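K.L.:
Handing you a structure now.
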Amino acid sequence: MPNTESSINPFETAKQQVDIVADLIGIDGGVREILKHPKRELTVNFPVKMDDGSVKVFTGHRVQYNMARGPTKGGIRYHPGVTLDEVRALAAWMTWKCAVVNIPYGGAKGGVVCDPKHMSKTELEHLTRRYASEIAGIIGPEIDIPAPDVYTDSQTMAWIMDTYSMQKGYSVPGVVTGKPLSLGGSEGRNEATGRGCAYVTREAAKDAGVRIKGGTVAVQGFGNAGSIAAKILYDEQGAKIIAASDSRGGIYKADGLNPHSVEEHKIKTGSVVGFPGAKAVSNEEVLEMKADVLIPAALENVITAKNADKIQAKIVSEAANGPTVPAADSVLHQKKIIVLPDILANAGGVTVSYFEWAQDIQGYYWPLNEVNSRLERVMVQSYNDVHKVAQERKVHHRTAAYVVAIQRVADAMRLRGMYP
Ligand code: GLU
């Protein structure tokens, strides 16, 4: 990704975040240390037969960070830049994310080092099935439930569900979420991350006196989360989407883009770049654009100490995981920019994953309007919990979200006590 500070180790960031909050709420040495360590991690190196007949060895990880509040939950990403420390950080963030929206899960994450853009569908299927069998011993509906993340989707989940079910000898839909509807997926899961982001953005805008109807929105990373957040803000809240970008570059149109047409263009050409009638801009320009709302929706570390003072949005709503480094956070705070942190702003995805798992386990499926209204209730409640702590403690929303989340995880740990 352009503008990425790859030297920043995301797990160091994740641990710093725990320390800041532990200091603030007075969490003692032992519990603090546990919160800074992943509970269980598995690294697997496994062979995959490629289309040309050659065999390639891939490396994958699955990290289960903390299971005090329930089975662990979190996506699997396919990306050339995957590292164990990145997966650890993402697993920690899943722990806080599930706690902030108060769903009964711990956090986990998986990743495979690969370049899915240069692999065929057959190669991806072989890779997925082998990775799924390698981690099969530590996943399951009561243990750890994977889901889609960067460059994985409902087809990936279908292959994992099938591989796991073949090993068990019966169908286990609850082993993964984000599945296709016909395999026990949930209505609304695909758009849940973007929808949840749109709901919390709306709530924060109300509190901050920022207008969304007719207000301007820039989306850095027009993928699943970013494009859907844009469409919901446009369709349901009347926002003007003035800029969008992806890994190849960005586009800008002062009087607004139709996000549906931009999506069609991206499906046809592979990128938002070249969208008719829009001006070409860089990813950096999209981030630094004058807009009411900025939605970073791609990868980690795009808002850094280098560009934080150039951010002009009134609200930054983090649809991506970890887009803002801690050093940038304080700059944004000084500039009075409201940052809706990833663990709140993108928690709609895992919330509907929880609904999907609950439906799978009951074998009873809900209509779309029920899923969306339950999602809205969870997101509004979670935003209010976080906003209340932000006001009471006079801290920014990220710290407030961590206070809410870490307090809930620490309470669960204290109540369970230490074994043996
Ligand atoms: N990968 C998504 C996230 O980072 C969803 C995880 C899930 O649904 O379990 O929140």
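The values are calculated or read from the model by the stated rules, or taken from the named source; none is laboratory data. What you are looking at is a predicted structure, and each value in this text was computed from that prediction instead of being measured. Note: ideal-geometry Cβ built from the backbone for every residue, glycine included; neighbour counts use all protein chains shown. Side chains are part of the model used for accessible areas, which takes the heavy atoms of the whole protein and leaves out ligands, DNA and RNA. Shrake-Rupley method; radii C 1.70, N 1.55, O 1.52, S 1.80 Å.
K.L.:
What's the percent breakdown of Cα-Cα distances in the range 354-400 across 5 Å bins, shortest bin first?
P.N.:
It works out to 5, 20, 17, 15, 12, 11, 11, 7, 2, in whole percents.
K.L.:
Sort out for me the Cα centre separation of the range 113-176 from the range 55-88, rounded to whole Å.
P.N.:
12 Å
K.L.:
Still on this structure, I have one more. What is the percent carbon and sulfur in the accessible area of the chain, measuring with a 1.4 Å probe over the protein chains and ignoring ligands? Please list the in-between numbers first.
P.N.:
Values: 8690 of 16830 Å².
Carbon and sulfur together cover 52 percent of it.
K.L.:
Plugging the Kirkwood radius over Cα pairs into Stokes-Einstein for the chain, at a temperature of 37 °C and a viscosity of 0.692 mPa s, what D comes out in µm²/s?
P.N.:
Working: Rh = 21.4 Å.
The calculation lands on 153 µm²/s.
K.L.:
Stretch ARG393-LEU181 to full length: gain in nm at 0.36 nm per residue minus the Cα-Cα span? Present the calculation step by step, with values, prior to reporting the outcome.
P.N.:
Values: separation 212, 0.36 × 212 = 76.32 nm, distance 4.30 nm.
Full extension from ARG393 to LEU181 adds 72.0 nm.
K.L.:
I would also like to ask the following. Charges on Cβ only, +1 for Lys and Arg, -1 for Asp and Glu, centred on the Cα centroid of the chain; of LEU24, ASN190, LEU299, which one is farthest towards the dipole's positive end?
P.N.:
Checking the options against the dipole of the chain, the answer is LEU24.
K.L.:
Restricting to DSSP loop positions (anything but H, G, I, E, B) with no more than 12 other Cβ atoms inside 10 Å of their own Cβ, which GluC sites (Glu not before Pro) remain in the range 85-172?
P.N.:
Working: sites: GLU86, GLU123, GLU125, GLU134, GLU142; in loops: GLU142.
Answer in residue order: GLU142.
K.L.:
Run lengths n ≥ 4 of DSSP H only: what is the helix-derived mean residue ellipticity at 222 nm for the chain, with -39500 (n - 2.57) per run over all residues, to the nearest 500?
P.N.:
Working: 14 runs with 189 residues, N = 420.
Dividing the helical sum by the residues of the chain leaves -14500 deg cm²/dmol.
K.L.:
Rank by packing, highest mean first: peptides 276-288, 209-221, with packing defined as the count of other Cβ atoms within 10 Å averaged across residues. Before the final figure, lay out each step's value.
P.N.:
Working: 276-288: 17.5, 209-221: 21.0.
Ranking the peptides 276-288, 209-221 by packing returns 209-221, 276-288.
K.L.:
Report the charge-dipole magnitude of the range 1-153 in Debye, nearest 20, computed about the Cα centre from +1 at each Lys and Arg Cβ and -1 at each Asp and Glu Cβ.
P.N.:
Numbers: 18 positive and 19 negative charges, 62 e Å.
For the range 1-153, the charge dipole is close to 300 debye.
K.L.:
What are the ³J(HN,Hα) couplings of the range 173-182, residue after residue, when phi is run through the Karplus curve with 6.51, -1.76, 1.60 and θ = phi - 60°? Round to Hz, x for glycine and proline.
P.N.:
x, x, 6, 9, 10, x, 7, x, 3, 6
K.L.:
Consider a paramagnetic label point 7 Å from the Cα of ARG416 along Cα→Cβ; state which residues of the range 82-120 have an amide N under 12 Å from it.
P.N.:
105-107
K.L.:
Still on this structure, please answer the following. So, with +1 on the Cβ of K and R and -1 on the Cβ of D and E, and no other charges, what is the size of the charge dipole of the chain about its Cα centre, to the nearest 20 debye? Could the numbers behind the result be given before it?
P.N.:
Details: 48 positive and 46 negative charges, 102 e Å.
The dipole of the chain has a size of about 500 debye.
K.L.:
What is the Cα convex hull volume of the range 322-420 when expressed per residue in Å³? Let's see the in-between values first.
P.N.:
Working: hull volume 14.4 nm³, N = 99.
Dividing the Cα hull volume of the range 322-420 by its residues yields 146 Å³.
K.L.:
Let me spell out the model: positive unit charges on the Cβ of Lys and Arg, negative unit charges on the Cβ of Asp and Glu, origin at the Cα centre of the range 63-141. What dipole size does that give, in debye rounded to 20?
P.N.:
Values: 10 positive and 6 negative charges, 49 e Å.
Value, rounded to 20: 240 debye.
K.L.:
For a Förster distance of 35 Å, can you work out the FRET efficiency between the beta-carbons of LYS310 and LEU368, rounded to the nearest 0.05? Before the final figure, lay out each step's value.
P.N.:
Details: r = 40 Å, r/R0 = 1.14.
About 0.30, to the nearest 0.05.
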